[in-house]
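Undergrad: Pasting a structure below so you can have a look.
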């Protein structure tokens, strides 16, 4: 069975989020300590606690929030980790860090929970992949849906998502940054690959041309 090794980064990310959130929500006093240490607290990040950029997205506010994010991650990871291949690790890494960093640098936000920034990065990467290597129709439909969702999110009119507790709200900035990062990474790698192929083709043509 080869499907799991081909999706090992997705599985590892999902397992990390599951374990960290279970510890934080179920382990009582020690769990609260885990929560406070892992939380993407923007003031703490600005004061140099940079590990929170990576641990914060793995932490979730509720079990419903966790289930929602892991479902989307599983769908996108199962479909696109094998298809993106070597593009997937940079998409995953930047999808974890860039949205959290954007939140940390914006004074309107004080903390950040969840994998939604990463999931939107994967959505952007999926759209870019379909437009460049897959089905252009799927890519255009996906781009339109993402644009619609992001505009609604910026306006505070969320179309979907889990109910979050208290003063915790949808982090639309993380979603916008995530989509932009995913699109940029895959399009840049596709452009680099096309350029390399054209260069290689030109070199072969020069070598094969008689003197």
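Undergrad: Scan segment 106-124 for residues that are closer than 22 Å to residue 66 by Cβ and assigned to a helix (DSSP H, G or I) and report the count.
TA: Residues meeting the conditions: 8.
Undergrad: Conditions: (1) farther than 22 Å from residue 35 by Cα; (2) touching a helix residue (DSSP H, G or I) at 6+ places or on another chain (Cβ under 7 Å). Residue 114 meets all but one. Number of the miss?
TA: (1)
Every read-out reported here was derived from the displayed coordinates using simple, explicitly stated rules and does not represent laboratory data. Remember, predicted model here, so these are calculated numbers, not experimental data. Methodologically, a virtual Cβ is constructed for each residue, glycine included, from the backbone with ideal geometry; neighbour enumeration extends over all protein chains shown.
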